[in-house]
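Chemist: Got a structure for you, questions after.
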Amino acid sequence: MPKTPKQRTRQLLAACIAAAATVLVGALLIEGAASTVKSAAEGACAALRPNPLTATLRALVPEFDLPDLAGKKVPLRSLLGRPVLVSFFATWCPPCVEEAPSLEDLARRLGDKATVAIVSVDEDLDALKKFYAKGSQALVVRDESRKVPASFGTSKFPESFLLDGSGKVRYAFINKRDWSIPEAAACVAGLK
């Protein structure tokens with residue numbers, strides 16, 4: 001028996017309501033998943049005991065253009081689009097030297113999900129090259145003028161700052177950390 005126009009309208013309306021409900025549930029699931037990922041990253045970062053961000057760091061738009069160990073200039077803006085851990089380092093700094101293997105481990109585990117940028121303040125380029133004679137999984141650049149750490153409000157080492165993909169400072173880590181713990185990779189890679 002053929003359906004009346006009223007029955008077809010009801011059937012069409014029911015189909016539209018079902019489709020809208022499906023879209024709404026899907027959107028809520030995606031939003032919930034994104035919130036869960038963000039919460040997991042924040043929890044992972046908490047395991048690293050971040051220091052409070054100063055007003056200066058919250059307002060900072062970091063920028064640098066520093067030479068790598070081969071002398072090629074690397075602008076910070078070329079690293080953005082994904083998280084960047086900027087870690088200030090010196091070969092003459094015992095806590096920096098102690099922290100270096102865990103930064104290497106972190107850089108290896110992150111792969112192309114994020115960048116670990118080690119900013120050395122060494123004046124002695126040969127000492128820096130000797131320290132990284134076997135190469136590095138991290139990006140190693142040099143700032144003998146120490147202007148870049150000063151722009152972050154620091155002159156002490158090691159200190160690390162986690163930038164999101166847009167370059168905003170999201171976390172500060174004063175003094176050395178164990179970057180080889182599983183939470184470290186989850187913290188850095190989970191930041192968008």
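Chemist: Express in nm, to one decimal, how much length is gained between Asp68 and Lys129 on full extension, taking 0.36 nm for each residue of separation and deducting their alpha carbon distance.
Modeler: 20.9 nm
Chemist: Taking R0 as 35 Å, what's the FRET efficiency between Leu53 and Ser78 from their Cβ-Cβ distance, rounded to 0.05?
Modeler: My answer for the efficiency is 0.90.
Chemist: Another question, then. For Val74, which sequence-distant residues (separation of 5 or more, or a different chain) have an amide H within less than 5 Å of its own amide H, given hydrogens modelled in the peptide plane?
Modeler: Leu66, Asp68
Chemist: If I model a spin label as a point 7 Å beyond the Cα along the Cα-Cβ vector, how far apart are those points for Ser180 and Lys147 in nm?
Modeler: 3.7
Chemist: How many angstrom lie between the Cα centre of segment 53-67 and the Cα centre of segment 132-192?
Modeler: Measuring centre to centre over Cα atoms gives 12 Å.
Chemist: For segment 111-192, count the residues as N, evaluate 2.2 N^0.38 Å, and divide the Cα radius of gyration by that value, please.
Modeler: My calculation over the Cα atoms of segment 111-192 gives 1.15.
Every number here is computed from the coordinates shown, using simple stated rules; none is lab data. Since the structure is predicted, the reported quantities are computational estimates derived from the model, not experimental observations. Because the Cβ atoms are built from the backbone with ideal geometry, glycine has one as well, and the counts that use them run over all protein chains shown.
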